[in-house]
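S.K.: Below: one structure in structure tokens.
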Amino acid sequence: MAFSAYPEAITKLPVSPLWAVFFFLMLLTLGLDSQFGMLETCTSGFIDEFPKYLRRHRTVFTAVFCAIQFVIGIPFVTQGGMYIFQILDWYAAAFSAMVIAFLECVVLSYIYGADQLYKDLEMMMGKKPSLWWKMCWCFITPVIMLTMLVYSCVNMAPPTYGDYEYPGWAIGFGWMIAMCSIVPMPLVAVYRISRAKGTLNQRIYLLLRPTEVWGPSDPTLRLMYSSSLAEKGLRLPCVGKDRPTDSTDPKQSVAINSEL
């Protein structure tokens, strides 16, 4: 649509060169905005996972990451790039993205807890978010995503581009790309469960709890967070069996109870 139908429609408008400039400037700013978000998500994930090695070299790491992405993107601007893009768009965007989005809604709403997320946002913004957001997290968005996912699976057909039909190996490659972002989730879950201690139920319960370092990293904000929860009879999330606490000391609030 963006590179075929819309440009053709623009050529039929009066002063079409001017509208063409506006249209592609819009695409450029839209692409840059999306790229900033995606790049920051990827680099922050790596830096948070390996802070000892990457945090001090954030600028260099970001530059290297951009260079790698640039090299990976070169095949997409070749004469056959549209065929490669169609494969990725057909499988990665239409399948794995919806699976991940649905699982994120389930984890935030029913494992971490919509109420806890609601309190986190209240602390950060200084006011309560609208109840509409909680309804979206718990019900509306998961139902919509699940409906779209089921519909896509039922109506999924081999990819095509114009009159061209992709060979079997290209379809297999597309499924490999789609699974690259999904398969690690069950694999890591099985690995973490196998390394944990206790019965199976205890391991799963333990791994579904926030870690003892959860909460604001700044000591002052962490104490304020703990105090605000204590006023409501709550506490910082911790690993292990729930137990009440009257203390506002962050160290006591995040104590681990190993008896499940």
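The values are calculated or read from the model by the stated rules, or taken from the named source; none is laboratory data. Since the structure is predicted, the reported quantities are computational estimates derived from the model, not experimental observations. Reconstructed Cβ throughout: ideal geometry from the backbone, glycine too, with neighbour counts over all protein chains shown. To get the accessible areas, we keep the full protein, side chains included, count just its heavy atoms, and leave off ligands, DNA and RNA. Shrake-Rupley method; radii C 1.70, N 1.55, O 1.52, S 1.80 Å.
S.K.: Test each condition in (1) open to solvent by less than 40 Å² (accessible area, probe 1.4 Å); (2) outside any helix (DSSP H, G or I); (3) among the hydrophobic types (A, V, I, L, M, F, W, C) for Ala92 and report the one that comes out false.
M.R.: Result: Ala92 fails condition (2) only.
S.K.: Here's another thing I want to ask about it. Before we move on, is Ile177 surrounded by 13 or more Cβ atoms within 10 Å (Cβ to Cβ), within 18 Å of Ala92 (Cα to Cα) and more than 21 Å from the chain's Cα centre (by Cα)? It would help to see each step written out before you state the result.
M.R.: On the way: surrounded by 13 or more Cβ atoms within 10 Å (Cβ to Cβ): yes; within 18 Å of Ala92 (Cα to Cα): yes; more than 21 Å from the chain's Cα centre (by Cα): no.
So Ile177 does not fit the description; no.
S.K.: Could you count how many residues in region 17-47 are open to solvent by 90 Å² or more (accessible area, probe 1.4 Å), within 19 Å of the chain's Cα centre (by Cα) and over 22 Å from Ala97 (Cβ atoms)?
M.R.: So the answer is 0.
S.K.: Of all residues in region 200-211 being at pLDDT 90 or above and open to solvent by less than 80 Å² (accessible area, probe 1.4 Å), which is farthest from the chain's Cα centre (by Cα)?
M.R.: Here the residue is Gln202.
S.K.: So for region 212-219 (the condition being on the phi < 0 side of the Ramachandran plot, over 19 Å from the mean Cα position of the chain (by Cα), of a type in the set (Gly, Ala, Ser) and surrounded by 10 or more Cβ atoms within 10 Å (Cβ to Cβ)), does at least one residue qualify?
M.R.: No - not one qualifying residue is present in region 212-219.
S.K.: Can you tell which of Phe102, Phe61, Phe65, Phe70 is open to solvent by 90 Å² or more (accessible area, probe 1.4 Å), farther than 21 Å from Trp214 by Cβ and not charged (D, E, K, R)? Full working, then the answer.
M.R.: Numbers: Phe102 fails: open to solvent by 90 Å² or more (accessible area, probe 1.4 Å); Phe61 fails: open to solvent by 90 Å² or more (accessible area, probe 1.4 Å); Phe65 fails: open to solvent by 90 Å² or more (accessible area, probe 1.4 Å).
Result: Phe70 is the single residue among Phe102, Phe61, Phe65, Phe70 that is open to solvent by 90 Å² or more (accessible area, probe 1.4 Å), farther than 21 Å from Trp214 by Cβ and not charged (D, E, K, R).
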